[in-house]
Each structure stands twice: as C-alpha cells, then as structure tokens.
Amino acid sequence: MGMIRGDDYRESLRRVKPEVYYMGEKIDSVTDHPAFIPHINSAALTYDMAWAPEFEELLTTKSHLTGEKINLFTHVHHSTDDLIQKVKALRALGQQTGSCFARCVGHDALNAIYSVTFDMDKKNGTDYHKRFVDFLKEIQKEDRFISGAMTDPKGDRSLSPSQQADPDQYVHVVEKKKDGIVIRGAKAHITGSVNALGHMVMPTASMKETDADYAVCCYVPVDAPGLIHIFGRQTNDDRKCSGCLMDQGNPEYGIVGGEALLVFEDVFVPWEQVFMCGEYDFAFELVERFATAHRQNYGGCKVGLADVLTGATYALAEVQGTATASHVRDKLVEMVHLAETLYCCSIACSCQGYALPAGNFMADPLLANITKLNVTRNVYEMSRLAQDIAGGLLATMPSEFDWGDTKIGKYVDKYSKGATDVPAETRMRLLRLIEGMTCGTALVESMHGAGSPQAQRIMIMRRSNWERKKRLAQKLAKIGEQPKLV
Amino acid sequence: MNVALKYCGSCNPQIELSDIGHKIEEALQEAPDIEVVPRSSKAIDVMVILCGCPRACGDKKRIRKRASHCIVVAGESVDLVPVAEKDLLSQVIQKVKSLSTAKS
C-alpha cells in the first residue's frame, strides 16, 4: 500500500478504541467529537496533500527499504536533499492548515530510533535495529500516523529519574517477561496523541547506570490496555464545542496540535515493539537525535503559519484603512523578516546535515537548536506585531452570536466595519484568525514545543567549540607569542 | 501529442502556481492534436514543469528524461526568460502548440 488518503486515516481511527478523557468525560468516538475534529482534519491533510499533484513532489518519496512510493512522514532521510524536502513540506502544510498537523513528531522519532538502534547493536551485539526495520516497514506499508512521546512529567527537576520520590515521574520498566516488558509512568504534552494510532515512547534525558530501568524506547498502540489519554485544554477551546464557527478563527484545522497527558498504568509491550531496554548510555544519543530532527522542523511549519498570519494581518490592515501607513508597512516587513530568518535557519541546518553510521542523515545539531531558539523569540515578536496592527478589537470583539442576533446584530455589524466597501464579517473573521494564532496556546507551543529554550541553550553549550574560538582570538591577539613588527 | 504537467512541490510559490497549472491543463485539453496525459504515463512528448519560484525544484533530471521536450515555468519565467505572471499561461500554450506543429 505505502500511501493512504485522509479518509482512510479517519477510518483507521474509528477502528481503534483508545481510552480518552476530556473535560471530565470519557470520549466514545474521538473521530466524531468537535474537540478533536480540527486536529484530525489537519493530520488528514498530510495524507491528502501527498496525492495532490501540486504537493506530491514534497510529500512523497521512495522508501529506502522497499523502493516503494511512500508518504514523507514515514521516511528515513538519506541525504541533505531529504532534510531540505522535509522543511519545505512542513512550510507548505503550515500554509494550508495555519495550524499543527502533528505527524512530524512520530516521523522524527522514527529517524532518531533508526540510527540509535544501529549504534546500540554495533556496541552491544543486540538486535534492536533489525527489529526496528521490520517495524518501520509495517509503518510505511500502512502509512500509519504515530506520535512521538518523549517528555516525562519529571517531578523534582533537580533529581535524576531513579532519585525521584515517586518513581513513576519518568516512564520505566516495572517487569521483564519472556514475551515483553511492562511499563509504568506518564508522558506529558504529547502532540496529536489522541488522533494517532500509536505512540513511540522514548527516554527524555541523559541517564546513568542507576537509571537503567528508565532507558526504555518502545511502541505502544493507542488502545493498549492500561494506557489512558487525558486531553489538555487550549485557549478558547470551548468555542469548538459551542456551535461557533467564526469565533474559532480556524474552524477547520484549529490551533496547534492537540496535546494530551498519556498515563501508562502497567502497559504490556511485546519485545517486537521494544527498541531500547536498559541501554542507559544511549539515552542521550536518542534524545539529541530526536530533538535535532524536531527542532529542525520549526523553521518550516512555523514559517508556513507565519505566512498565513502575515497575510491575515496585511488583509486586516487593508480592511481597516491602515495598510499604506508607513509604520504598518514597516511592521509587516519586520514580520516577513522574522519569519524568513527562521526559514533560513532550518534550510541551513538541513544543508549542513550529515550521515550517521546507520546511513541515514540528521540535520546539524547546533544549527537546529539555533533554529528552535529563534522560534521561541521570533514567533512572539511576529505575534506582537500582528496584535499591534490588529488593534484592541482583537481582544474585545463581540461574539458571532451577538453579531447574528436579530435585535443587536445590526449594531455589532455597524460598529465592526472598517472600510465601507468591505463587510464587517470580513474584518471579524480576520481578527478571529489572528486571535487564534497569536493569543495563548499557540504562543506557548512556540516556546516549549520541541523543548524549552534552556534545552536548546544546553545543546548549544555542548556543541559550540569554545576552545577553538578562544584559540582564534588568542592567535590574533598574539597571546603567548613574541610580538612581531611588520 | 501527449503533454503532462509536473509540479515542483509548492512549498512557497511566488505565483499562483496551482491556478496557473489548472488553466494550462484546461487550455491544452481544448487544443486539437494535444492530449493531456498523467505524469506517470510512459509516452510523454512534452512535460510542463511548474515551479513556484526561480529555484525550480521540479526541474530534475529524472523528470526531464521522461519526456522528449520540457517547458519549465519557474516563478515569473518560462525556460529562463522573464515572463509576467499574467502572461505565463499564453506563453506556455504557445510553446506547446509550436512543438505540436513541429511534430506534425
């Protein structure tokens, strides 16, 4: 098969019965619940766009395992061109959804685990890589959407996993059986997890020998017994369930990816789906490779979103009669500058990517971390500029219900108008779109998604060649030499 | 004459690439002696490679070798010659027709 369509994906979701809770209720059908539909639509587009002639070149590729045509999101990168293709595909998807489409996380997990299992086997003589390749073939064949579940709740951050008072603050192995392992703990903030078909569980930090039980990487289907999904709230999420359309801003694709807390209450995982179990000395390698791949993405998808946000802001300025004001034009230019700076970063870390022992390619880790660290700033600044141009109505506009009211609707309409030849509805829709993209959850996702800024700074600290920089300066300053006069 | 269309991937097109592509396809379907065939077809005389910007990501050897002739739209250009967006459709159609005439 190799490639399915959006509706096939929706049908595959209907066939599984995960345990999902939202707003104090157990959800019978994720596929039909308004809280999840935008996220499902967004993920479905990763399938449908792969079939569209306009996007096929970006969203499909050839499997290095089978030679068959596959969706990009099940591919393991084998060149810098592959890495660049991913960034461009993410930008295109960001432009079409204005939201998160969630498939990149599992994709990045596949790429990281592919190389780390190879390295573990080489050192320890284990057979994780073959096991993983068999699993990957299955994923590619079914075009399966999997999430990447890395972040543990972490408890007391000053303590390592094995030092925690509550051992479940990090996912760990509680039992090893002949046919598999049993895991317990939780993973937090897992994007797309309620509308994926399974989760790739990975360790979240570097580990020591005492943390060996916490060095676990495995695949868990969404409906595995003992796995509970608790869906997180988002800013204005009640608008999805109260019959609003305009007030949602982006009713079709929503805001960010839809994150959940995953609770693993003694979940059994067969050995065929275990890709690390106790190899604590490879935990950091897995974290760094996954983080590099994921941080590389942010100058792709977020720039696609920025294209939409800049377009909405420009259109709103036209509606409000301010588009030709020099300060507005300057701010719009600044928004593009900030967005394209991020794109430059993602393209650069992809161009500087390199081969790993397994033969697959990863982006340059230093530049990928620089990309994501810039995202934590530039997206906020773009949002600030958009809100500046939009004006206070962004936060005070009456609801679409009042606009549609038979008695007061005429007042909302009259006093929401900008330019006389443009309907008030146009201005209201643009404001709601900007509100969704810049207020609340979407911003926090830019800060903490793919790791918090300090996580990037730690990687930058590790990857910067400080001694060489020092030697360069010492050489020019003639430190340690007798000065020579020319 | 068999003509196929191939897009670059549309990451951030500087022109309305999809719209132009559809118009080219419609115009070619109406032209006599020209048949628009799927890009997977084995017998392609002309491949129109539609790229959203001058980077021309769709202009690849593996794509070129599938047709006797290629016409490359890359942003506001056709075969490296600058063409305004509004004139891209007519330029491409004119090129395809001249190749068709030459073939017949």
Complete set of residues in the stretch A:113-147 that are surrounded by 19 or more Cβ atoms within 10 Å (Cβ to Cβ) and among the small types (Gly, Ala, Ser) = A:115, A:147
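Being out of contact with any strand residue (DSSP E or B) (no Cβ under 8 Å at 6 or more places or on another chain) and either modelled with pLDDT of 95 or more or within 30 Å of residue A:459 (Cα to Cα) (or both) narrows it down to one residue among A:356, A:385; which is it? Spell out the reasoning first.
Numbers: A:356 fails: out of contact with any strand residue (DSSP E or B) (no Cβ under 8 Å at 6 or more places or on another chain).
From the options A:356, A:385, the qualifying one is A:385.
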Filter the stretch A:199-228 for residues that are in contact with a Pro (Cβ under 6 Å, 6 or more places away or on another chain) and under 14 Å from residue A:20 (Cβ atoms) and give the result.
-> A:222, A:223
Please work out which one of (1) surrounded by fewer than 17 Cβ atoms within 10 Å (Cβ to Cβ); (2) basic (Lys, Arg); (3) within 14 Å of chain A (Cβ to nearest Cβ); (4) not in a helix (DSSP H, G or I) is the condition residue B:62 fails and give its number.
-> (4)
In the stretch A:28-53, which residues are under 17 Å from residue A:230 (Cα atoms) and either in contact with a helix residue (DSSP H, G or I) (Cβ under 6 Å, 6 or more places away or on another chain) or crowded, with 18+ Cβ neighbours inside 10 Å (or both)?
-> A:30, A:31, A:33, A:34, A:35, A:36, A:37, A:39, A:40
Looking at the stretch B:3-55, which of the residues that are part of a strand (DSSP E or B) and more than 14 Å from residue B:74 (Cα to Cα) is nearest to the other protein chains (Cβ to nearest Cβ)?
-> B:4
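If a residue must be of a type outside the set (A, V, I, L, M, F, W, C), more than 17 Å from residue B:11 (Cα to Cα) and in contact (Cβ under 8 Å) with a residue 40 or more places away in the chain, how many such residues does the stretch B:26-65 contain?
2
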Only one residue in A:112, A:102, A:149 is out of contact with any helix residue (DSSP H, G or I) (no Cβ under 6 Å at 6 or more places or on another chain), more than 14 Å from chain B (Cβ to nearest Cβ) and under 27 Å from residue A:347 (Cα atoms). Which one?
-> A:149
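Checking the structure you have, find out if any residue of the stretch A:450-459 is in contact with a Phe, Trp or Tyr (Cβ under 7 Å, 6 or more places away or on another chain) and either without any contact (Cβ under 8 Å) to a residue 12 or more places away in the chain or outside any helix (DSSP H, G or I) (or both). If you could, list the steps in order and put the result at the bottom.
Quick first cut of the stretch A:450-459, residues in contact with a Phe, Trp or Tyr (Cβ under 7 Å, 6 or more places away or on another chain) only: A:450.
If we keep only those that are either without any contact (Cβ under 8 Å) to a residue 12 or more places away in the chain or outside any helix (DSSP H, G or I) (or both) too, we end up with A:450.
Among the residues of the stretch A:450-459, at least one is in contact with a Phe, Trp or Tyr (Cβ under 7 Å, 6 or more places away or on another chain) and either without any contact (Cβ under 8 Å) to a residue 12 or more places away in the chain or outside any helix (DSSP H, G or I) (or both), which makes the answer yes.
Filter the stretch A:121-170 down to residues that are basic (Lys, Arg) and part of a loop (DSSP other than H, G, I, E, B) and give me whichever is nearest to residue A:277 (Cα to Cα). Break it down into steps so the answer makes sense when it comes.
Of the residues in the stretch A:121-170, the ones basic (Lys, Arg) are A:122-123, A:130-131, A:137, A:141, A:144, A:154, A:157.
Now restrict to residues that are part of a loop (DSSP other than H, G, I, E, B): A:144, A:154, A:157.
Numbers: A:144: 24, A:154: 19, A:157: 23 Å.
Looking at residues that are basic (Lys, Arg) and part of a loop (DSSP other than H, G, I, E, B), I get A:154.
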Kindly check whether there is at least one residue in the stretch A:178-196 that is free of Cβ contacts under 8 Å to residues at least 60 places away in the same chain, within 26 Å of residue A:40 (Cα to Cα) and assigned to a loop (DSSP other than H, G, I, E, B).
-> no
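If we scan the stretch A:169-184, do we find a residue that is over 22 Å from the mean Cα position of the chain (by Cα), of a type in the set (Ser, Thr, Tyr) and at pLDDT 95 or above?
Quick first cut of the stretch A:169-184, residues over 22 Å from the mean Cα position of the chain (by Cα) only: A:169, A:172-184.
In the following step, the residues that additionally are of a type in the set (Ser, Thr, Tyr) were identified as none.
No, the conditions are met nowhere in the stretch A:169-184.
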Which of the residues that make up the stretch A:345-397 are polar (S, T, N, Q) and more than 18 Å from the chain's Cα centre (by Cα)?
-> A:352, A:360, A:383, A:387, A:396
Evaluate the stretch A:62-74: report whether one residue or more is within 14 Å of another protein chain (Cβ to nearest Cβ) and closer than 22 Å to residue A:254 by Cα.
-> no
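Report whether or not residue A:413 is among the acidic types (Asp, Glu), in the same structural domain as residue A:321 (by TED's automatic domain parsing) and exposed (fewer than 14 other Cβ atoms within 10 Å of the Cβ). Quick ask: steps written out before the conclusion?
On the way: among the acidic types (Asp, Glu): yes; in the same structural domain as residue A:321 (by TED's automatic domain parsing): yes; exposed (fewer than 14 other Cβ atoms within 10 Å of the Cβ): no.
Criteria not met by residue A:413.
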Picking from A:25, A:56, A:68, A:19, the residue that is surrounded by fewer than 22 Cβ atoms within 10 Å (Cβ to Cβ) and under 26 Å from residue B:52 (Cα atoms) would be A:56
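Restricting to the stretch A:209-261, what's the tally of residues that are acidic (Asp, Glu) and either closer than 17 Å to residue A:38 by Cα or at pLDDT below 95 (or both)?
Going residue by residue through the stretch A:209-261, those that are acidic (Asp, Glu) are A:209, A:211, A:213, A:223, A:237-238, A:247, A:252, A:259.
Still in the list and also either closer than 17 Å to residue A:38 by Cα or at pLDDT below 95 (or both): A:237-238, A:247, A:252, A:259.
Adding up the residues that qualify gives 5.
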Test set (1) free of Cβ contacts under 8 Å to residues at least 60 places away in the same chain; (2) more than 12 Å from chain A (Cβ to nearest Cβ); (3) farther than 21 Å from residue A:95 by Cα; (4) assigned to a loop (DSSP other than H, G, I, E, B) - residue B:72 fails condition number = (4)
Can you tell which of A:359, A:418 is surrounded by 19 or more Cβ atoms within 10 Å (Cβ to Cβ), in the same structural domain as residue A:310 (by TED's automatic domain parsing) and outside any helix (DSSP H, G or I)?
-> A:418
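The values are calculated or read from the model by the stated rules, or taken from the named source; none is laboratory data. Keep in mind that this is a model prediction, so the values were computed, not measured. All Cβ positions, even for glycine, are placed from backbone atoms using ideal geometry, and neighbour counts span all protein chains on display.
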